[in-house]
1. If r is the Cβ-Cβ distance from Gln145 to Ser71 and R0 is 41 Å, what FRET efficiency results, to the nearest 0.05?
2. With every protein chain left in place, what is the accessible area of Asp230 in Å² (1.4 Å probe, nearest 10)?
3. In terms of the Cα gyration tensor, with a ≥ b ≥ c the square roots of its eigenvalues, is segment 109-233 rounded because a/c is under 1.5, prolate because a/b exceeds b/c, or oblate?
4. Cut-off 17 Å, label point 7 angstrom out along Cα-to-Cβ of Leu54: give me the residues of segment 203-241 whose amide nitrogen falls inside.
5. Of the listed pairs Lys52/Lys75; Lys47/Lys75; Lys47/Lys76; Lys75/Lys123; Lys76/Lys151; Lys76/Lys123, which have alpha-carbon separations greater than 31 Å here?
6. Over the heavy atoms of Leu235, what accessible area does a 1.4 Å probe trace out, to the nearest 10 Å²?
7. Could you compute the net charge surrounding Ile99? Neighbours are other residues with a C-beta less than 11 Å from the C-beta of Ile99; K and R count +1, D and E count -1.
8. Taking a ≥ b ≥ c as the square roots of the Cα gyration tensor eigenvalues, with a/c under 1.5 meaning rounded and otherwise prolate when a/b beats b/c, else oblate, which class fits segment 39-96?
Amino acid sequence: RVREAVVSTQSTGIIEFYLPFGCYRLSRYFLKQLNMSGGLKVLALQKEDVTKMLAAGTHLGAGNVNFQMLSYVFKKRNDVCVIDVKKTWEKLLLAARVIASIENPADVCVISSRNYGQRAVLKFALHTGANAIAGRFTPGTFTNQIQAAFKEPRLLVVTDPSADHQAIMESSYVNIPVIAFCNTDSPTKYVDIAIPCNIKSIHSVGLMWWLLAREVRRMRGDTPRTLEWDVMPDLYFFREETKEEEETPDVPDVQPTQETYNAAP
């Protein structure tokens, strides 16, 4: 059994790690930079992205907190858990790196059974080349080889762990890693990478899928970071059909022409 001892000095800001094979000294500043952005300005969270997240309500969680999602909660205000946007961005970068590391984009399967995430899933598949399943998930898609809709993806990305529990359960049978957008009260069983965000808001879900698609394209080299992505986040938002769109236009009544025929009496 490996024994580890950590000694911290408050004056110098140095943390010493005593391991069986040696002693290592690291500064507190270096430990703070151990994240997915790596302290690089290119991968840092931009002010424009923070503004979009706050406007969409990405930081607003649920009233209850799962014990595994407790580390992502910044504070609780008016019986609503406030999610740390910085940690959301770090987990988003981690998920984008995992998706970009897969050679064939079609091996990534994105799923959304809820209505407010189906349009975002289809747009994400269009812009990244992934395989989308929008709507009801057919049981046995990952386990039953007889059915025509059988798939063998290398990675699974879901919108809601509660609604997409059937896909997550089947992925655990065939060892498929799962990336999920999770709220503070979402179950994280069989979820490998949980992205903390508000999944109950239409704008929040669409914005998170848009940010994930943009970072995947940037890491693949399809979109340069120096230029702004020409796709707007509004395309990922769920839009309900209004009554005006459902109603068919009224066809004007046309009076038939009166024609006389010289028929025999």
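1. On the way: r = 39 Å, r/R0 = 0.96.
My answer for the efficiency is 0.55.
2. In the full protein context, Asp230 sits at about 130 Å².
3. Values: a/c = 1.85, a/b = 1.43, b/c = 1.29.
Since a/c reaches 1.5 and a/b is larger than b/c, the shape of segment 109-233 is classed as prolate.
4. 204
5. On the way: Lys52/Lys75 20 Å; Lys47/Lys75 21 Å; Lys47/Lys76 23 Å; Lys75/Lys123 33 Å; Lys76/Lys151 41 Å; Lys76/Lys123 34 Å.
Violating the 31 Å Cα-Cα cut-off are Lys75/Lys123; Lys76/Lys151; Lys76/Lys123.
6. 70
7. Details: positive: Arg97, Arg154, Arg217, Arg220; negative: Asp107, Glu215.
Counting the neighbours of Ile99, the net charge comes to +2.
8. Numbers: a/c = 2.65, a/b = 1.58, b/c = 1.68.
Cα axes put segment 39-96 in the oblate bin.
The values are calculated or read from the model by the stated rules, or taken from the named source; none is laboratory data. Only a predicted model underlies this, so the values are computations on that prediction, with no experimental measurement involved. Every residue, glycine among them, receives a Cβ derived from its backbone with ideal geometry; neighbour counts consider all protein chains shown. To get the accessible areas, we keep the full protein, side chains included, count just its heavy atoms, and leave off ligands, DNA and RNA. Shrake-Rupley method; radii C 1.70, N 1.55, O 1.52, S 1.80 Å.
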